[in-house]
Amino acid sequence: MIYINKISKWYGHFQVLNNCSAGIKKGEVVVVCGPSGSGKSTLIKTVNGLEPVQAGEIIVDNTVVTDRRTDMAGLRARVGMVFQHFELFPHLSVMQNLVLPQRKVLKRSREEAEEKAMGLLQRVGMQEHAGRHPGQLSGGQQQRAAIARALCMDPVAMLFDEPTSALDPEMIKEVLTVMVTLAYEGMTMIVVTHEMGFARQVAHRILFMDEGRIVEDTPKDIFFKTPQTLRAVDFLSKIIH
Amino acid sequence: MNLEFMQGALPLYASALLLTLRISLLGIVLSLVLGLLCSLVLYQRERERSRALWGLGKLVCVYIEFSRNTPLLIQLFFLYYALPKLGLMLSNEECAVIGLTFLGGGYMAESFRSGLEGVSRVQFELGLSIGLKPLQLVRFVIFPQALALAVPALGANCIFLIKETSVVSIVALPDLMSVAKELIGMYYNTLEALFLLVLCYLLLLVPVSFLLTLLERKLRYAEFGI
């Protein structure tokens with residue numbers, strides 16, 4: 001489904017991604033973790049072309065992301081993305097947030113878009129807040145609405161960029177519950193997160209990154225029981241109390 | 001105060017008020033359009049590195065500096081007295097509206113720009129990530145938020161432009177200021193003439209101010225949703 005083949009990226013002289021390769025099969029849940037500044041967010045943003053790469057190749061659902069001729073808007077419409085700072089459009093109500101991309105990108109009718117949006121809001125437990133503006137919602141509610149918005153587009157895969165890092169502890173669970181359900185339903189997911197509980201529960205594989213490299217790409221049981229690198233052992237000892 | 005004199009002068013003030021209103025409205029609408037176009041050029045230039053945009057951007061910058069750093073009085077003088085020497089004759093009213101637009105465009109452009117730059121960059125990334133094309137992104141996501149941010153500054157510009165119309169008498173337009181000056185010159189009823197003048201400007205500007213506050217509240221609602 002997603003092939004990342006030897007990609008590298010530089011910001012000026014600083015190399016953020018160093019020869020990274022990974023493959024994600026349909027229905028697979030991959031958790032990306034590692035210390036801050038290791039390139040996790042950059043890696044995930046290269047998958048839908050938000051961050052261009054200078055070397056290597058990325059193929060998502062038979063579309064070559066790194067090809068300049070690719071219709072990027074069309075590709076991005078098929079890959080859902082959820083950001084750290086639970087970004088919604090603040091000038092639109094929750095319902096309008098979900099309807100806008102469906103109408104403008106997928107050209108759905110208003111009725112169809114609203115029906116779809118309502119169904120997904122119900123799924124994330126947000127149907128009562130459809131008419132509210134993002135400023136009136138808690139972080140957790142905003143993040144659940146953001147997930148619903150991504151799902152409205154019937155994505156082939158979902159990317160999560162630290163979806164719970166900016167949330168109060170109490171709200172993390174409500175967002176993770178939605179994500180766990182999604183994982184069990186067979187959604188292909190790449191999740192950048194420090195929530196090791198989530199990783200243990202639903203991840204198939206863990207990518208551990210350090211200094212722009214993928215230093216481990218292992219099934220989760222192996223990663224948690226017998227990490228292959230010292231860097232990962234060190235990281236796990238700090239993150240799991 | 002000579003009430004009889006004031007009563008007699010009222011029709012003069014009324015027609016001058018209408019003229020001031022007409023020129024202001026035209027000037028404001030046109031400078032909003034001009035300012036928006038200029039600010040979009042500057043905004044797009046930040047995102048897209050093309051030679052055409054770079055040149056256009058430079059031109060816009062020069063224009064903004066020119067319009068904001070020269071007095072309207074001098075801009076009007078130029079339009080009214082210098083352009084005919086170059087073979088371009090404009091009517092008094094055209095001069096006034098063009099002058100006001102030239103001045104206002106620069107101010108409006110800067111206000112719009114502050115709004116556009118106030119929209120978080122993540123909104124841009126977010127819009128792209130759901131598959132919006134750049135133009136759709138600006139139209140449905142960036143612009144509405146920018147407008148909400150820019151409304152106070154745009155409103156202040158509108159009031160500023162209306163007040164600036166008080167110099168259009170130099171291109172021989174019978175606006176409020178010129179009516180007052182003429183009456184003073186002819187009848188020496190300085191107090192009454194100036195009193196009516198102030199009253200007229202208040203009559204014009206207080207409702208505008210009030211409308212702008214309402215508009216601001218409505219648009220800010222959209223921004224913060226409170």
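In sequence order, region A:45-50 has phi-based couplings of 6, 6, 5, 10, x, 5 Hz under the Karplus curve 6.51 cos²θ - 1.76 cosθ + 1.60, θ = phi - 60°, and Gly or Pro positions carry x. Under the combined filter of DSSP loop state and at most 12 neighbouring Cβ atoms within 10 Å, region A:131-240 retains these GluC sites (Glu not before Pro): A:E185. Spatial offset of region A:103-154 relative to region B:136-153 amounts to 22 Å, using the alpha carbon center of each. The radius of gyration of the Cα set in region B:108-226, together with its Dmax, comes out at 21.1, 70 angstrom. In this structure, the amide hydrogen of A:V16, modeled 1.01 Å from its nitrogen in the peptide plane, lies closer than 5 angstrom to those of A:K9, A:W10, A:Y11, counting only residues at least 5 positions away or on a different chain. With a simple spin-label model that places each label point 7 Å from the Cα along the Cα-to-Cβ direction, the separation between A:F14 and B:V206 comes to 5.8 nm.
For the pair A:D61 and A:T177 in one chain, pulling the backbone fully straight at 0.36 nm per residue adds 39.1 nm over the alpha carbon distance. Can you give me the Cα centroid spacing of region A:28-100 and region A:167-212 in angstrom? Centre-to-centre distance over Cα atoms comes out at 16 Å.
Taking 0.36 nm per residue of separation and subtracting the current Cα-Cα distance, fully stretching the chain between B:V198 and B:E93 would add 35.5 nm.
The slack in the chain from B:K218 to B:F66, taken as 0.36 nm per residue of separation less the alpha-carbon distance, amounts to 51.4 nm. Decide, for region B:3-224, between rounded, prolate and oblate: order the square roots of the alpha carbon gyration tensor eigenvalues as a ≥ b ≥ c, take rounded if a/c falls under 1.5, and otherwise choose prolate if a/b is larger than b/c, else oblate. The shape class here is oblate. Label-to-label distance, B:L56 versus B:L10, with points set 7 angstrom from Cα along the beta-carbon direction: 5.2 nm.
For helix A:94-104, report the angle its Cα long axis makes with the longest principal axis of the Cα atoms of chain A; keep it between 0 and 90° and round to the nearest 10°. Once rounded, the angle reads 80 degrees. Computed 3J(HN,Hα) for region A:120-125, one whole-Hz value per residue from the Karplus formula 6.51 cos²θ - 1.76 cosθ + 1.60 where θ = phi - 60°, is 6, 4, 4, 4, 9, x, glycine and proline marked x.
For A:L207, nonlocal amide neighbours, meaning residues 5 or more places apart or on other chains whose placed amide H falls under 5 Å from its own, are A:V31, A:V32, A:C33. If both residues of a DSSP beta bridge must be in chain A, then about 55% of such bridges are antiparallel. Here the protein assembly as shown is treated as a Stokes sphere of Kirkwood radius computed over C-alpha pairs; at 25 °C and 0.890 mPa s its diffusion coefficient rounds to 94 µm²/s. For the pair A:K6 and B:E182, label points projected 7 Å from Cα toward Cβ lie 8.4 nm apart.
Sequentially through region B:198-215, phi angles give Karplus couplings (6.51, -1.76, 1.60; θ = phi - 60°) of 4, 4, 4, 5, 5, 4, 6, 8, 4, x, 4, 4, 5, 4, 5, 4, 4, 4 Hz, Gly and Pro residues having no value and appearing as x. The A:K26 and A:R69 beta-carbon pair, evaluated with R₀ = 30 Å, returns a calculated FRET efficiency of approximately 0.75.
Every number in this text was worked out from the coordinates using simple rules, so none of it is lab data. These figures come from a predicted structure and were not determined experimentally. Note that we place each Cβ from the backbone using ideal geometry, even for glycine, and neighbour counts take in every protein chain shown.
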